[in-house]
Amino acid sequence: MNKLIKALDYFLARISVLLMSVLVFAVLLQVFMRYIIGSPVTFTEELSRFLLIWLGLLAAGYAYGQRMHLALDLLVLKLQGRRRAVLNMVIHTLIGLFALAVLVFGGIQLVYLTYVLDQYSPALDISMAVIYLALPISGIAIVIYAVDFVMQEFDRFKNPDVQDVSSESKDASTQSEDIHAA
């Protein structure tokens, strides 16, 4: 499972950087063409919108996997040992089930529906199924991370005396190193 998580981290980090780079370039191109040249490019607005969708969903999966997502952890921090592990298992199970139901299954239905209805974007002439494919891909990533987190917490539940540093929130220096490594 560790190799899968590392590969997923690597993929999501790299693709997020690539999508962000292309997004910045598309927006800068649109601004340059519209205000400097005076002749706007027609496809950049739609391209940037679609890139933002993909970037937001994939980066959300990456942020969850790195434990950088927004969380209310008041109750978790008050608990110790097995109780904390059980609560974390419940939380990550619920997150995984939500991602599976809404992002994966709902996303697959949306992709299928737009594919069957043969919907295309007006400016880029791309199948909307490709755009909506970001939903199930992001959902699969979140489910994989959730399963890994539940397994880590289960190990902690079995042995509550051993503190697993990898399952705790990373400190700022570690997060900074991870971001720069990506």
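Read the figures in this text as sums done on the coordinates, not as results from a lab. In this text, all values refer to a predicted model and were calculated from it rather than measured experimentally. Note: ideal-geometry Cβ built from the backbone for every residue, glycine included; neighbour counts use all protein chains shown.
Tell me which residues, restricted to region 12-45, are surrounded by 14 or more Cβ atoms within 10 Å (Cβ to Cβ), without any contact (Cβ under 8 Å) to a residue 12 or more places away in the chain and closer than 27 Å to Ala60 by Cβ.
Phe25
Which of the following residues is under 19 Å from Leu124 (Cβ atoms), of a type in the set (Val, Ile, Thr) and either part of a helix (DSSP H, G or I) or in contact with a Pro (Cβ under 9 Å, 6 or more places away or on another chain) (or both): Val41, Val24?
Numbers: Val41 fails: either part of a helix (DSSP H, G or I) or in contact with a Pro (Cβ under 9 Å, 6 or more places away or on another chain) (or both).
Step by step, each of Val41, Val24 is checked, and only Val24 is under 19 Å from Leu124 (Cβ atoms), of a type in the set (Val, Ile, Thr) and either part of a helix (DSSP H, G or I) or in contact with a Pro (Cβ under 9 Å, 6 or more places away or on another chain) (or both).
Out of Gln109, Gln30, Gln80, report the one residue that is more than 14 Å from Ser138 (Cα to Cα) and touching a Pro at 6+ places or on another chain (Cβ under 7 Å). Spell out how you get there, then give the answer.
On the way: Gln109 fails: touching a Pro at 6+ places or on another chain (Cβ under 7 Å); Gln80 fails: touching a Pro at 6+ places or on another chain (Cβ under 7 Å).
So the residue among Gln109, Gln30, Gln80 that is more than 14 Å from Ser138 (Cα to Cα) and touching a Pro at 6+ places or on another chain (Cβ under 7 Å) is Gln30.
Could you tell me which residue of region 31-63 is nearest to Leu19 (Cα to Cα), considering only residues that are touching a Leu at 6+ places or on another chain (Cβ under 8 Å) and among the hydroxyl-bearing types (Ser, Thr, Tyr)? Outline the logic, then answer.
Residues of region 31-63 touching a Leu at 6+ places or on another chain (Cβ under 8 Å): 41, 43-44, 46-48, 50-52, 54-55, 57-59, 61-62.
Checking which are among the hydroxyl-bearing types (Ser, Thr, Tyr) leaves us with 44, 48, 62.
Details: Thr44: 14, Ser48: 10, Tyr62: 14 Å.
That would be Ser48.
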